[in-house]
Amino acid sequence: MTDTSSKSAPKDIGTLLIASLFIGLGLVTLQDVSTYSDTDSVVFPTTVAYALIGCSAMVILASWLRPNPDNGFGGGDWWRRILLVASMIAGCLVMPLAGFLPATAIAFAGGLIAARHEGWDLKSAFVFALSGIFIMAAFYALFRYPLGVPLP
Amino acid sequence: MDFEHLANALTLTNLALALFGVVAGTIIGSIPGLSATMAVAVLVPITFSMEPASALILLGAIYTGAIYGGAYSAILLNTPGTPSAIATTFDGYPMAKRGDGDLAVAIACYASVFGGLVGALALLLLAPPLSSVALAFGPVEYLWLSVFGLSLIASLSTGNVLKGLAGGAFGLLLSCVGVAEISADIRLTFGSSTMIGGIEVVGALIGLYCIPVLIDMVATPERHLKVEEGGRAVRFREGAAIAWKSRFNLLRSSIIGTVIGILPGAGGSVAGLVAYSEAKRTARPGQKFGEGEPDGVMATEAANNATVGGGFIPTLVLGIPGTPPDAVILGALLVQGVRTGPTLFEGGGSIVYTFVFGLFIATILMLPTGLLIGRYAYKTIVTIPKTILVPAVGFMTIIGTFAIRNSISDVMIMIVLGTVGWVLSRFGFAASPIVLGLILGPIAEQGFVQAWIIGDATGNLAGMFFGRPISLAIIAFTILSLVYPVIQGRRARRLIKTEAGAND
């Protein structure tokens, strides 16, 4: 008896899911355009939504017939990825209350901890904290003064 | 035009302005998030008290330097500093990853200088006759030009063509988010106040290119770029030898960049992609585009710097900005009291020709300054420990996005879009089609709606979209760009099978 399951390649679930979400987005767009008052602002998103639905349907078909085994999230630490993104988002949320520099300090610290694989001691913590303060202050000064960006 | 204008451009003040402009532009352009448009915009106030020709020289030098500077972050961080450098990431970053980042930076500098000189030469010699070609482009042609740009990037970027097209459509849809320019309808915000301002292109570009790199960098302890041991010498000569060997690619890409720069709105991003596509199409056996091929970097960088001179042609002759930085420069000229238009070359010819010679000088100055800055940029980025590089780049993405229109919403959108972009990239949906969809969305929508209105009013909708000769030519190129890689792939597979059969 031959093992048929070993012959068929595993489905590329991620691609199928993303393409399905794109189709969903296209359908939501078609629903949204029905609320617009002016036809001029309807025609382009409608056409693009149909194009997105059509292309995504073909992606699903192609991926079902010939799945790519290389696709996937790969290895690496998930907590570091999540910490990096979460600290950046947290910085954004805090910015209106805390101001620009304290808020971005949260994002900076999150990135610093997420990127450090060699472990921490007192000296390295001091050096990286000092470097961080210098880099942030230098870029803040560059944008705030010569470039005249009104940072909060 | 005579030597008097050359002499005017060679005054100590103008030379100093050209040098300052190139250095400032290169540094600003190399910072992810600061585009050439922003580099020019933030330094415009300096020029208000200057002579018009000197002001133009400074702004032209900043512009050309910033376009070149965008290549640094494209090569070393996989984050194009400007949209013009999107295609530079295709081969520049793979080169940097394998330890050839310094070579890629040197090649980018030679190509940028060559492309810039060709563009400036075109501005000097071909401005009036070529500008009449651009006049023949109507809204439909701009629509098809946008579709052509998307089809090119879909067939060129990593992943497959269908995923590229889906990504392009997703980008076009993202460009619709916010208040519609035509009718003020609020589109695709789903009640969120964060989305009302729309998706800012440069912020989205930073997110889609930079955040995925940061997410990948923190996940593993390996170094970001490969570092060669033993303090290798700077590879200026090696870069020059490669550039000389591919001189036909340089010339062709520069001409493509110049011609596309003349078309208002098309800009360096389309020029870079078309030149890259041509370089890939005419690849020599053994060349592997997308895997760190120096000719890919050369084609893109020559073309995008050639758009500087090309873009000035409609800006100065017709008063229609060829590229977004040209629009800022046009505004600066109006503040100076200089009216652009066909008579400018006669009535105010002195200003124009002095500026053109100034642009030549600035471009030539880019060679030593670019190589020098490039050398230190490479060495700095390659030796910075990941622990400090990740938060520093993350901080720059936040401050760079915020600086564009002082919006926290833009920063939030940038981070979310970047995270979504990382997930998409892991399943073969490349960032470039999404970004180009966002950039070309407004141009495509304007062309589409105008053509729709005219076609609907005249009762000839199909004729409006498919009946004009220039449109048909662009449609033919679009189909070719989508079909050709498929045919080429089949031919290659058939060849491999035949060779395998012969070996058996």
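The values are calculated or read from the model by the stated rules, or taken from the named source; none is laboratory data. Worth saying up front: this structure is predicted, and the values here are computed from it rather than measured. Virtual Cβ from ideal backbone geometry, glycine too; neighbours counted across all protein chains shown.
Restricting attention to the stretch B:452-466, report how many residues are buried (at least 21 other Cβ atoms within 10 Å of the Cβ) and either away from chain A (no Cβ under 11 Å) or under 27 Å from the mean Cα position of the chain (by Cα) (or both). First the steps, then the outcome.
Step one: filter the stretch B:452-466 for residues buried (at least 21 other Cβ atoms within 10 Å of the Cβ), giving B:452, B:464.
Next, from what is left, pick out any that are either away from chain A (no Cβ under 11 Å) or under 27 Å from the mean Cα position of the chain (by Cα) (or both): B:464.
Number of matching residues: 1.
Residue by residue through the stretch B:180-206, note down the ones that are touching a helix residue (DSSP H, G or I) at 6+ places or on another chain (Cβ under 7 Å) and more than 13 Å from chain A (Cβ to nearest Cβ). Hits for the stretch B:180-206 are B:Gly197, B:Ile199, B:Glu200, B:Val201, B:Val202, B:Ala204, B:Leu205.
Of the helices (runs of 4 or more DSSP H) entirely within the stretch B:386-504, those holding at least 3 residues that are within 30 Å of A:Glu118 (Cα to Cα) and hydrophobic (A, V, I, L, M, F, W, C) occupy B:386-405, B:408-426. Summed over the stretch B:400-416, residues that are touching a residue at least 40 places away in the same chain (Cβ under 8 Å), among the hydrophobic types (A, V, I, L, M, F, W, C) and surrounded by 23 or more Cβ atoms within 10 Å (Cβ to Cβ) total 5. Within the stretch B:162-192, the set of residues being in contact (Cβ under 8 Å) with a residue 24 or more places away in the chain and surrounded by fewer than 22 Cβ atoms within 10 Å (Cβ to Cβ) comprises B:Glu181, B:Ile182.
Checking the conditions here, which among A:Gly91, A:Gly110 is touching a helix residue (DSSP H, G or I) at 6+ places or on another chain (Cβ under 7 Å), more than 27 Å from B:Ile27 (Cβ to Cβ) and within 10 Å of another protein chain (Cβ to nearest Cβ)?
Values: A:Gly91 fails: more than 27 Å from B:Ile27 (Cβ to Cβ).
Every option except A:Gly110 fails the conditions.
Within the stretch A:121-144, does at least one residue satisfy the condition of being at the interface with chain B (Cβ under 7 Å from one of its Cβ atoms), closer than 25 Å to B:Gly418 by Cα, under 16 Å from the mean Cα position of the chain (by Cα) and free of Cβ contacts under 8 Å to residues at least 24 places away in the same chain? Checked against the condition, which is being at the interface with chain B (Cβ under 7 Å from one of its Cβ atoms), closer than 25 Å to B:Gly418 by Cα, under 16 Å from the mean Cα position of the chain (by Cα) and free of Cβ contacts under 8 Å to residues at least 24 places away in the same chain, the stretch A:121-144 yields no hits at all. Among the residues of the stretch A:10-20, those identified as surrounded by fewer than 14 Cβ atoms within 10 Å (Cβ to Cβ) and either of a type in the set (Asp, Glu) or part of a helix (DSSP H, G or I) (or both) are A:Ile13, A:Leu17. The lone criterion from (1) at pLDDT below 85; (2) in contact with a Ser or Thr (Cβ under 9 Å, 6 or more places away or on another chain) left unmet by B:Val133 is number (2).
Quick check: is even one residue across the stretch B:251-260 at pLDDT below 85 and surrounded by 24 or more Cβ atoms within 10 Å (Cβ to Cβ)? Scanning the stretch B:251-260, I find at least one residue that is at pLDDT below 85 and surrounded by 24 or more Cβ atoms within 10 Å (Cβ to Cβ), so the answer is yes. Could you say whether any residue in the stretch B:374-397 is surrounded by fewer than 24 Cβ atoms within 10 Å (Cβ to Cβ), at the interface with chain A (Cβ under 10 Å from one of its Cβ atoms) and under 18 Å from B:Gly164 (Cβ atoms)? Scanning the stretch B:374-397 turns up no residue that is surrounded by fewer than 24 Cβ atoms within 10 Å (Cβ to Cβ), at the interface with chain A (Cβ under 10 Å from one of its Cβ atoms) and under 18 Å from B:Gly164 (Cβ atoms).
Please verify whether A:Ser37 is out of contact with any helix residue (DSSP H, G or I) (no Cβ under 8 Å at 6 or more places or on another chain), over 30 Å from A:His117 (Cα atoms) and at the interface with chain B (Cβ under 8 Å from one of its Cβ atoms), treating the condition exactly as stated.
Working: out of contact with any helix residue (DSSP H, G or I) (no Cβ under 8 Å at 6 or more places or on another chain): yes; over 30 Å from A:His117 (Cα atoms): yes; at the interface with chain B (Cβ under 8 Å from one of its Cβ atoms): yes.
Criteria met by A:Ser37.
Scan the stretch B:358-368 and give yes if some residue there is of a type in the set (Ser, Thr, Tyr), modelled with pLDDT of 85 or more and surrounded by 23 or more Cβ atoms within 10 Å (Cβ to Cβ), otherwise no. If you could, list the steps in order and put the result at the bottom.
Residues of the stretch B:358-368 of a type in the set (Ser, Thr, Tyr): B:363.
Filter once more, keeping what is modelled with pLDDT of 85 or more: B:363.
Checking which are surrounded by 23 or more Cβ atoms within 10 Å (Cβ to Cβ) leaves us with B:363.
Yes - at least one qualifying residue is present in the stretch B:358-368.
Could you tell me which of the residues A:Gly110, A:Gly132 is under 30 Å from B:Ala39 (Cα atoms), in contact with a Ser or Thr (Cβ under 7 Å, 6 or more places away or on another chain) and outside the structural domain of A:Asp12 (by TED's automatic domain parsing)?
On the way: A:Gly132 fails: in contact with a Ser or Thr (Cβ under 7 Å, 6 or more places away or on another chain).
Every option except A:Gly110 fails the conditions.
Return yes when A:Gly119 is closer than 19 Å to B:Ile206 by Cβ and either at pLDDT below 90 or not aliphatic (A, V, I, L, M) (or both) and no when it is not. In short, no.
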